[in-house]
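The values are calculated or read from the model by the stated rules, or taken from the named source; none is laboratory data. All of these numbers come straight from a predicted model, not from anything done at the bench. So basically every Cβ, Gly included, is an ideal-geometry build from the backbone, and we count neighbours across all protein chains shown.
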Amino acid sequence: NKQVIFKDYVSGFPKESDMFLTTTSINLKVPEGSKAVLVKNLYLSCDPYMRGRMSNLPPEDPNFSSFQPGSPIQGFAVAKVVDSGHPDFKKGELVWGVMGWEEYSLVTAPDQRLFKIYHTDVPLSYYTGLLGMPGITAYFGLTDICSPKEGERVYVSAASGAVGQLVGQFAKLMGCYVVGSAGSQEKVELLKDKFGFDEAFNYKEEHDWNAALKRYFPEGIDIYYENVGGKMLDAVLLNMRPHGRIAACGMISQYNLQQPEGVHNLTSIIYKRVKIEGFVSFDYFSQYSKFLDFVVPSIREGKITYVEDIAQGIENAPAALVGLFSGRNVGKQVVAIAHE
Ligand code: NDP
């Protein structure tokens, strides 16, 4: 059983060498009498929150406890059941949920940790992104936290990534004007040409973000879907419209800093009557089927598209994860490690 092992706690930017590959033996049967499920992992998901689990700071939410040095990295994955002691899971079924970064994982308490996959007319890897945790995050962060109305003006940062590309497409389906920012010309073109954003800009080339936002939102921003934090949040606060809403989804620009940057324009929250609300995808997992009812027909009708960046082989998983923090990924970062 090849595994990606977490070497030791990280400070600053994570490196490939913070993880290493090892091979252990594994019994391909669940222990006699247990209700566990043994799965073969097919796709591993690389997600920015995993950086937080690489530090040894006490987690602010128990779902984000530190990885154990010497144990496999944990993350979302798509897998196939190869043996089961649980009556609700049968050999051959496809599932997604949190697994170890390894070829085979033994999942105890599968009824609390695994979602079964019923729609297989879409790429299975989508269950790490569009049809998995990032999709839930994009949909409920936009609809539940920001309540978009037709004609409202929406700004999305890290807009070409796993979550951002969906936020923009969902907001367009809801009749909004949508602008995204991303870190390369290639990504900016994707936003406009593939995902249907009205406008997009490369934040690495625009040095005055306040001026850029004023150009794209002369009347101000109704909804900001926050993925990056720091100075971008500061620039956005100067451009919010009265009663604007900000979904605090992520702040990737801060995850590797020893000292988080200060945010200065907080008084705008008062005078513009802005609502800022944080949320975690897990808050909405119980509404997964409601999300599928919306999104699966939209995919089948061609109204929603999805771009993935698929690395091949478990040995390339550490580089793929680290690459999120320099924007190496174009679209949702996945690692394909086995065929069904
Ligand atoms: P992405 O697929 O967007 O990958 C990360 C991207 O972030 C990179 O490609 C890069 O794109 C951008 N980035 C990296 N460093 C910086 C930086 N210093 N400043 C600005 N942008 C940077 O990731 P996800 O879509 O999976 O996640 C997006 C955000 O949503 C993250 O903050 C994540 O933590 C958060 N999140 C929150 C969840 C929740 O439950 N609240 C659940 C899932 C995600 P670029 O080239 O454009 O810079």
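Can you spot a residue in the stretch 171-182 that is within 13 Å of the ligand (Cβ to nearest atom), farther than 17 Å from Lys290 by Cβ and under 13 Å from the mean Cα position of the chain (by Cα)?
Looking for residues that are within 13 Å of the ligand (Cβ to nearest atom), farther than 17 Å from Lys290 by Cβ and under 13 Å from the mean Cα position of the chain (by Cα), one finds none in the stretch 171-182, hence no.
So Arg245 passes all but one of these: (1) more than 14 Å from the ligand (Cβ to nearest atom); (2) in contact (Cβ under 8 Å) with a residue 24 or more places away in the chain; (3) not in a strand (DSSP E or B). Which condition number does it fail?
Going through the list (1) more than 14 Å from the ligand (Cβ to nearest atom); (2) in contact (Cβ under 8 Å) with a residue 24 or more places away in the chain; (3) not in a strand (DSSP E or B), Arg245 breaks only (3).
Just to be sure before I move on: is Gly262 without any contact (Cβ under 8 Å) to a residue 12 or more places away in the chain, farther than 29 Å from Leu42 by Cα and not in a helix (DSSP H, G or I) in the structure I sent?
yes
Sort through Ala171, Ala158 and tell me the only one that's buried (at least 18 other Cβ atoms within 10 Å of the Cβ) and free of Cβ contacts under 8 Å to residues at least 60 places away in the same chain.
Ala171
For the stretch 197-205, state whether one or more residues are within 23 Å of Asn265 (Cβ to Cβ), at pLDDT below 95 and either within 16 Å of the ligand (Cβ to nearest atom) or within 22 Å of the chain's Cα centre (by Cα) (or both).
Taking every residue of the stretch 197-205 in turn, none turns out to be within 23 Å of Asn265 (Cβ to Cβ), at pLDDT below 95 and either within 16 Å of the ligand (Cβ to nearest atom) or within 22 Å of the chain's Cα centre (by Cα) (or both).
Answer yes or no as to whether Gly161 is small (Gly, Ala, Ser) and more than 10 Å from the ligand (Cβ to nearest atom).
No.
Assess whether Glu189 counts as being in a helix (DSSP H, G or I) and within 15 Å of the ligand (Cβ to nearest atom).
yes
Does the stretch 46-104 hold any residues that are closer than 18 Å to Phe285 by Cα and either within 14 Å of the ligand (Cβ to nearest atom) or among the β-branched types (Val, Ile, Thr) (or both), and which are they?
Once the filter is applied, which keeps residues that are closer than 18 Å to Phe285 by Cα and either within 14 Å of the ligand (Cβ to nearest atom) or among the β-branched types (Val, Ile, Thr) (or both), the stretch 46-104 yields Asp47, Tyr49, Asp61, Asn63, Phe64, Gly75, Phe76, Val78, Val95, Val98.
Taking the stretch 276-321 as the region of interest, how many residues are more than 16 Å from Ile145 (Cβ to Cβ), in a loop (DSSP other than H, G, I, E, B) and touching a helix residue (DSSP H, G or I) at 6+ places or on another chain (Cβ under 9 Å)?
5
Is there a residue in the stretch 122-137 that is in contact with a His (Cβ under 8 Å, 6 or more places away or on another chain), buried (at least 22 other Cβ atoms within 10 Å of the Cβ), under 28 Å from Glu308 (Cβ atoms) and not basic (Lys, Arg)?
The answer is yes; a qualifying residue exists.
Let me spell it out: the conditions are (1) in a loop (DSSP other than H, G, I, E, B); (2) more than 10 Å from Val39 (Cα to Cα), and Lys91 meets all of them except one. Which number is the exception?
(2)
Which numbered condition in (1) closer than 28 Å to Leu131 by Cα; (2) of a type in the set (A, V, I, L, M); (3) over 23 Å from the mean Cα position of the chain (by Cα) is the only one that Leu190 fails?
(3)
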